[in-house]
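Since every read-out is calculated from the coordinates, none of them should be taken as a lab result. These numbers were taken from a predicted model, which means no experiment stands behind them. As a convention, Cβ positions derive from the backbone with ideal geometry for all residues, glycine included, and neighbour counts pool all protein chains shown.
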Amino acid sequence: MTPEKDPSSTASFRPARPTTETAVSSSVSNELAGLLTHEDRDRARDRWRVMRARWRGAGRNPFPKISLLWLLIGPGVLVFLGENDAPSMLSYSATGARYGIGFFIPFMVLTFVMGFVVQEMTVRLGAVTHRGHAELIFDRFGKFWGLFAMGDLILGNFLTLVTEFIGVRAGLSYFGIRPVVSVGAALVLVMVVIATGRYWTWERITLGLAAFNALFVPAALLAHPNWGSVGHALVTWTPFPKGDEYEILTLMLSTIGATVTPWMLFFQQSAVVDKGMQPRDLAAGRFDTGLGALLAAIFGIAALLATAPLFQHGIDASQFQGLEFAQALKPWLGQIGSTLFALGIFEAGIVAAIAISTSSAYAFGEVFQTGHSLNRPLREGWAFYLVLLGSAFVAASLVLIPNVPLEFIVLTVNVIAVLAMPPALAFLLLLVNDREVMGDHVNGRWANIAGVTVTVLLICAGIGFGIATVFPKVLGG
């Protein structure tokens, strides 16, 4: 009897010849691997880290859940701290210096609530559709409205970028640094941050820079605010302040424009897509957005409190530039406090310059269907990076023009942002209520009530400002 061969033995094992199906499958896999871009691979790695953290957090151990949250936060914190930019912080400073805290602290809180309502819809839109805001507007409303929305964004972004570099110049001029050096250094920093070719790295570096927005908090503490008055203002909301009503209305519009602006919609939605967030990440996205709004509100109120002593001592700050604010605060904040204030203005300008120029580049890439991801290396996404750096360079160059009226430009840009916001909100509301786009994640009743309320408030504010501008006697201007 011939012994039966062990099928597991090496002698009896012969590799099977690949079937036609196996060969085709292997060919398709190789072809797909060749189609994967640097952007696809980087985003896949980020999503794998999120999935691994989610699996580890399936139990009751809170630490994996914290690590999951750490991986998912970013766009919401960045968009609000980016909006706490140089013009915004100077606008809050001008408000505190001119009219104190009674009316404007609770008003600022209201504007950040409005900002959260708007940005929550933006997060949902990006996570569900995986498409940027500009791209969706083009697809759903056509070329005309797409170009209208993009033109509105690009113009507003460019004007705001100019003010960011003015803030950079004003902040560093406190230390005697020449404008050419300070603006040039800011441009170099923007280039370094975006040259990583990695969204994750860009996001973490920018978040690290944005953390210095907290410098306004110790500056406010050094002003020794009356906390009883602060609490009273938050609870009772002091009536409309006395003074030049046209100026007060301008400051109110500027305060709104320091919190709710079109670039925020385009930036956060595109950042959510670039980060690769999914519908299952929406809870983390809302937390991220709420955290950003909370931090930005605290830091913005701190800027107002830091300059409130100027109001209390009857100092006219109506013509103050960034440098003059820091210098004027020395008697009450001391050298340390005024230094922190100046550094805070510099930081606010840098972070916003990075975020706003990125917002313009995202919109350009989405509309013209070129590479538009921070996960792309420079050689692949050269058009994206060219728009980003080009807009920053041109804005920075304009800032070097002598005798730029900083405070006037700051307030004007924020007011323009408010006037441009209603059309942007109309597009947003139409998109988040489109079931074909959003599926089961369309706006609910309360989300629509909140969104429409914000839109109506902004329209009324814009109409009121227009009437006051054309017929100044209405407000006694």
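With 33 Å as the cut-off, how large is the P(r) tail for segment 73-475, expressed as percent of Cα-Cα pairs? Walk me through the numbers on the way to the answer.
Values: 21696 of 81003 pairs.
That fraction is 27 percent.
With charges set only on the Cβ (+1 for Lys and Arg, -1 for Asp and Glu), what does the dipole of segment 73-475 come to about its Cα centre, in debye to the nearest 20?
On the way: 19 positive and 23 negative charges, 54 e Å.
Rounded to the nearest 20 debye, it is 260 debye.
If you take all other residues with their beta carbon under 12 Å from the beta carbon of PHE141, and give Lys and Arg +1 and Asp and Glu -1, the sum is -1.
Under 14 Å from the Cβ of TRP70, count the other residues' Cβ atoms, weight Lys and Arg +1, Asp and Glu -1, and hand me the total.
Numbers: positive: ARG49, ARG52, ARG54, ARG56, LYS65, ARG204, LYS275; negative: ASP46, GLU203, ASP281, ASP288.
Every neighbour counted, the sum reads +3.
The phi-based Karplus calculation (6.51 cos²θ - 1.76 cosθ + 1.60; θ = phi - 60°) puts the 3J(HN,Hα) values of segment 291-298 at 5, x, 5, 5, 4, 5, 5, 4 Hz, whole numbers, x for Gly and Pro.
Each residue of segment 163-178 was assigned a 3J(HN,Hα) from its phi angle through the Karplus curve 6.51 cos²θ - 1.76 cosθ + 1.60 (θ = phi - 60°); the sequence is 5, 5, 6, 5, x, 4, 5, 5, x, 7, 5, 4, 9, x, 7, 5 Hz, with glycine and proline shown as x.
Orientation-averaged projection of segment 63-217 equals 12.6 nm² [convex hull of Cα atoms, one quarter of hull surface area]. Simple spin-label estimate for VAL113 and THR201 gives 4.3 nm between the two label positions (7 Å along the Cα-to-Cβ direction from each Cα). Computed from backbone phi with θ = phi - 60° and the Karplus coefficients 6.51, -1.76 and 1.60, the 3J(HN,Hα) list for segment 338-349 is 5, 5, 4, 4, 5, 5, x, 5, 4, 4, 4, x Hz; x is used for glycine and proline. Take every Cα pair under 8 Å whose residues are at least 6 apart in sequence, average their separation, divide by the length of segment 220-344, and the relative contact order is 42 percent.
Charge tally around GLY115: other residues with Cβ under 14 Å, Lys/Arg +1 each, Asp/Glu -1 each, net -3. The distance between label points at LYS143 and ARG280 comes to 4.1 nm (points 7 Å beyond Cα on the Cα→Cβ vector). A cut-off of 5 Å between modelled amide H atoms, ignoring neighbours fewer than 5 places along the same chain, links THR261 with no other residue.
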